[in-house]
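Notes follow the structure.
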Amino acid sequence: MADTTSTRRRVKLYMLNEERQWDDQGTGHVSSIFVERLKGMSLQVRSETDGTVLLESKIQPDTMYQKQQETLIVWSEAANYDLALSFQEQAGCLEIWRKICQVQGKDPSVDITQDCLIDHGEHDEEFQEDSTIEDAPDAAQEIELPPCELSKLEEIWNIFTESSIQSTPIRKEKLSMAIENSGYIKKLLDLFHMCEDLDNMEGLHHLYEIFKNIFLLNRNELFEIMFSEETIFDVIGVLEHQPSSPQPSQHRTYLKETAKFKQVVPMTNKELLNKIHQTYRVQYIQDVILPTPSVFEENHLSSLTSFIFFNKVEIVSMIQEDEKFLSSLFTQLTSDDTEEAVRRDLVLFLKEFCTFSQTLQQDSRESFFKTLSSFGVLSAIEVILGLDDPQIKSAAIDIFSYIVEFSPSTVREFIMKEGQKQDDDDLLVNLVIDQMINDPDPELGGALQLMGVLKLLIDPENMIATSNKTEKSEFLVFFYKHSMHVLTAPLYANTSEGRLSKDDFQSAQLQSLILELLTFCIEHHTFHIKNYIISKDLLRRVLLLLKSRHRFLALCALRFMRKIVGIKDDFYYRYIIKGSLFKPIVEAFIENGTRYNLFNSAIIELFEFIKMEDIKSLCAHIVETHMKELESVNYVSTFNSLKMRYEQQQDGLKDKLFESTSVLRNHRYRRDARTLEEEEEMWFDEDDETEDLDSMVPVSDVLRSSLDADFDHINRYIGSRKVNKDQSRESPPRLFNNRSTCININLRNNSPNTSPVGSPATSPTGSPTIPCPTPNSSPITPSEKALAAKRAGLVGLVDYPDEDSDEEEEDSETPTAKRPRLAT
């Protein structure tokens, strides 16, 4: 493993992606060791954090390695697979470079290990087919460039043009080495001065083509020569004389006089200053001066892109390490004594600084934003958003966006901490919402950007949950308590009178952004937004926007309703039904008429969703309340189907009610004989004084006439026992013996002459009585047997309640047999 205590071999590993951008693969320590698996010397990079292997690459004898800027080693593992090692120290880069050259048998003084860039293996056949016999001598010979003289310019131009057209890697490499070794660029620039002084346009046009081909060679060493402080403006001057342009461009004038570099905070690091100047000018060459990518293919300028990329990385690293500079920067930003013009320059510098940081990879960017946070960048943004300068505010929004996009958790933590000691109006998140609401741009470009930032802040998907705390619950509770009322304030203000007080384009645009955020909340904040909507009656206010003359706003309101219905939450459904919140939707639908537009289709889709998902409560509410208005809509089958679905539901309810009633009836009147006997035993064991004989089911008249004689005999028997009534009432006996008592039954026929049973002695004449057999009674006669048979046909028709009877029971001294229930 590499020595982790040393910074000499500390490197960053980069890989070129498909978009020709360098991706940071991690930071570690590099070593050159023999790897048995690869059977050769290899470059191995181990992570400095966990020691895992980030790279294990065998040093092939025919792979072309390049050393760039004294701290970079770049090579290609295979087609479209470029790697780079960026060393912290030059000594480490030189040490590894010597190892590579030793394996390949090359002189370490060279910056490139191979003269030929042809890929081997699978590309050999293609190379043999495309190459000619004449190429072999060229591969072995060095290219000799003609002397730099005005008379030789055309010859020089032909050599460079042929190299570009022929485009063989060996030819390009030979030409690049010839230019670098002979100092040819400086000689060509001397010719440029001569042609410019002589106003030699033909020579200037030749020089433009020559330098364009030098760029196409895509060699980093040549870029370093051209972009040095001494030569870069001369190179820009050459590129001003494009043959297709009638007049030379004025790029040098713009860079020297118009584009001014302001040191808002004095920089003492000269290397940093030179790197900033160089990067700006090279970026200007790439973006402004050079032809468009349709002419200059991007892969032909990959080294130029890499040159700018690594420059920006160095700039960010050097500023990040200068604590004195950053401390002075943020002190001036937040100071009340700082002039507005100076503060504007400071903010613009910080914005540019953060823009450069976007080229960094994950680890480096994390370190960068941690450094800014330690110096109070969020507090500075809070101060800036409170100012009146639109330009400063715009730059602060960009800075805030960079921070939130990379680390929303850092911003959330800051907001909750300041919420403990500041009023709601001064909170950073509320200042951001206020800036969104009061965006001066008529098209609300800044508001749209801030809406995206707020989405990131309140998105539970990027919130951290640990064993000690849940960021999601804590921040959402904080947001709904301290900030949601600020977000919805324009919506409530515009609908305070039950109608839209303002319906201009900018107000509609703003409210559509607010609705988009609220719709996002419905989808992701199920509990918190539901409580807010129901408690604040928010949906009713939103549906007022259906009356807007701006259809996009009406559609946003409808989408809000659709999202609520799609959640399938009964709390929402009850809230909608109780508030009759489908009424404004039906009214808007009827008002829209039969026009076939997006609004019409969206409303129909809402009702179709309710039908397809079989949301019974909403279906019933719509049919019962609004079907009169909707039943005439027959160009779609949605509403007829909805009505049919409702009728099916009602039929189903009736069937269920009938089934439940049948089950109850069967359970009550059709019982098993064994169960019936058990219930009779329990009924007779209860300590009741009397029985409610009025609850008996009347017997038919036919049965009554057949039983009259027996009932009369029973009444006479009961009357003979009336003398014991008072004693039995004070101490009613429990029937646990084998003797039986008698029951007086009132067979009511609902006639006026029939009165309730008052007592055994006052039974009306003709009231049937049934004799109760006792041990002293006479044997059962055949007529009594027939009567018993008739009673057997009444099984299960009456279920007696356990109520008190008006009958009198025998004294406890006289044993009685258990009396039979007549209905059974």
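The values are calculated or read from the model by the stated rules, or taken from the named source; none is laboratory data. Not measured: the values here are computed from a predicted model. Don't worry about glycine lacking a Cβ; one is built from the backbone with ideal geometry, like all the others, and counts go over all protein chains shown. SASA here: full protein model, heavy atoms, side chains in, ligands and nucleic acids out. Shrake-Rupley method; radii C 1.70, N 1.55, O 1.52, S 1.80 Å.
A few comments on the model shown:
- Selection status of ARG595, in contact with a Leu (Cβ under 9 Å, 6 or more places away or on another chain) and open to solvent by 80 Å² or more (accessible area, probe 1.4 Å): no
- Subset of the range 358-372 [farther than 18 Å from VAL453 by Cα and either part of a helix (DSSP H, G or I) or among the β-branched types (Val, Ile, Thr) (or both)]: THR359, GLN362, ASP363, SER364, ARG365, GLU366, SER367, PHE368, LYS370, THR371, LEU372
- Yes/no for THR355 being open to solvent by 20 Å² or more (accessible area, probe 1.4 Å) and in a helix (DSSP H, G or I): yes
- Looking only at residues in the range 524-541 that are within 22 Å of the chain's Cα centre (by Cα) and not hydrophobic (A, V, I, L, M, F, W, C), the one that is least open to solvent (accessible area, probe 1.4 Å) is HIS525.
- Taking the criterion of being of a type in the set (A, V, I, L, M) and either outside any helix (DSSP H, G or I) or without any contact (Cβ under 8 Å) to a residue 24 or more places away in the chain (or both), the residues of the range 411-459 that qualify are LEU427, LEU444.
- Number of residues in the range 556-592 that are open to solvent by less than 10 Å² (accessible area, probe 1.4 Å) and not in a helix (DSSP H, G or I): the value is 2.
- Set GLU382, GLU405: member being buried (at least 18 other Cβ atoms within 10 Å of the Cβ) and of a type outside the set (A, V, I, L, M, F, W, C): GLU382
- The number of residues in the range 68-82 being charged (D, E, K, R) and open to solvent by less than 20 Å² (accessible area, probe 1.4 Å) comes to 0.
- Entry remark, the range 511-523: residues being under 19 Å from VAL432 (Cβ atoms), of a type outside the set (Phe, Trp, Tyr) and either open to solvent by 20 Å² or more (accessible area, probe 1.4 Å) or not in a helix (DSSP H, G or I) (or both) number 1 in total.
- Residue, modelled with the lowest pLDDT, within the range 67-83, restricted to residues that are under 16 Å from ASP23 (Cα atoms) and under 38 Å from the mean Cα position of the chain (by Cα): ASN80
- Criterion (over 30 Å from SER109 (Cα atoms) and surrounded by 14 or more Cβ atoms within 10 Å (Cβ to Cβ)) met by exactly one of TYR254, TYR208, TYR184: TYR208
- Here the condition is being hydrophobic (A, V, I, L, M, F, W, C) and touching an Asp or Glu at 6+ places or on another chain (Cβ under 8 Å); of LEU189, LEU207, LEU217, LEU175, it holds for LEU189 alone.
- Looking only at residues in the range 31-66 that are part of a loop (DSSP other than H, G, I, E, B) and over 45 Å from the mean Cα position of the chain (by Cα), the one that is surrounded by the most Cβ atoms within 10 Å (Cβ to Cβ) is ILE59.
- Residue in the range 646-669 that is modelled with pLDDT under 90, closer than 26 Å to THR594 by Cα and not in a loop (DSSP other than H, G, I, E, B) present: yes
- Residues (open to solvent by less than 30 Å² (accessible area, probe 1.4 Å), more than 15 Å from HIS485 (Cβ to Cβ) and not acidic (Asp, Glu)) located in the range 408-425: PRO408, SER409, VAL411, ARG412, ILE415
- Residues in the range 609-623 that are more than 20 Å from GLY579 (Cα to Cα) and crowded, with 17+ Cβ neighbours inside 10 Å: LYS611 only.
- When restricted to residues that are in a helix (DSSP H, G or I) and either out of contact with any helix residue (DSSP H, G or I) (no Cβ under 7 Å at 6 or more places or on another chain) or of a type in the set (S, T, N, Q) (or both), the range 378-407 contains 5.
- Test result for PHE127, in contact with a His (Cβ under 9 Å, 6 or more places away or on another chain), modelled with pLDDT under 80 and open to solvent by 60 Å² or more (accessible area, probe 1.4 Å): yes
- ILE225 in a helix (DSSP H, G or I), open to solvent by 20 Å² or more (accessible area, probe 1.4 Å) and of a type in the set (Val, Ile, Thr): yes
- Given (1) polar (S, T, N, Q); (2) under 30 Å from SER327 (Cα atoms); (3) in a loop (DSSP other than H, G, I, E, B), number of the condition ASN274 does not satisfy: (3)
To keep it simple, each residue is scored yes or no on (1) within 20 Å of ALA396 (Cα to Cα); (2) aromatic (Phe, Trp, Tyr); (3) surrounded by fewer than 16 Cβ atoms within 10 Å (Cβ to Cβ).
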| position | (1), (2), (3) |
| --- | --- |
| LEU427 | yes, no, no |
| LEU431 | yes, no, no |
| LEU454 | yes, no, no |
| ILE464 | no, no, yes |
| PHE479 | no, yes, no |
| ASN494 | no, no, no |
| LEU500 | no, no, no |
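- Selected residue (criterion: most open to solvent (accessible area, probe 1.4 Å)) from residues of the range 83-99 that are closer than 16 Å to THR113 by Cα and among the charged types (D, E, K, R): ARG98
- Residue selected from the range 211-222 under the condition open to solvent by 20 Å² or more (accessible area, probe 1.4 Å) and assigned to a helix (DSSP H, G or I), by the criterion modelled with the lowest pLDDT: LEU216
- Residue selection: PHE233 satisfies the criterion of being of a type in the set (Phe, Trp, Tyr), open to solvent by 30 Å² or more (accessible area, probe 1.4 Å) and either under 22 Å from MET177 (Cα atoms) or more than 41 Å from the chain's Cα centre (by Cα) (or both).
- Failed item, numbered, when ASN462 is tested on (1) touching a residue at least 24 places away in the same chain (Cβ under 8 Å); (2) closer than 21 Å to LEU555 by Cα: (2)
- The range 331-356, subset of a type in the set (S, T, N, Q) and touching a Ser or Thr at 6+ places or on another chain (Cβ under 8 Å), residue farthest from VAL377 (Cα to Cα): GLN332
- The listed residue being closer than 21 Å to LEU217 by Cβ, of a type in the set (Asp, Glu) and modelled with pLDDT of 80 or more, out of GLU89, GLU155, GLU95: GLU155
- Cβ pairs under 8 Å, 6+ apart, first in the range 213-239 and more than 24 Å from THR253 (Cα to Cα), second in a loop (DSSP other than H, G, I, E, B): LEU216/PHE296; ASN220/GLN69; GLU221/ASP111
- Residue within the range 244-266 that is at pLDDT below 90, in contact with a Lys or Arg (Cβ under 6 Å, 6 or more places away or on another chain) and not in a loop (DSSP other than H, G, I, E, B) present: no
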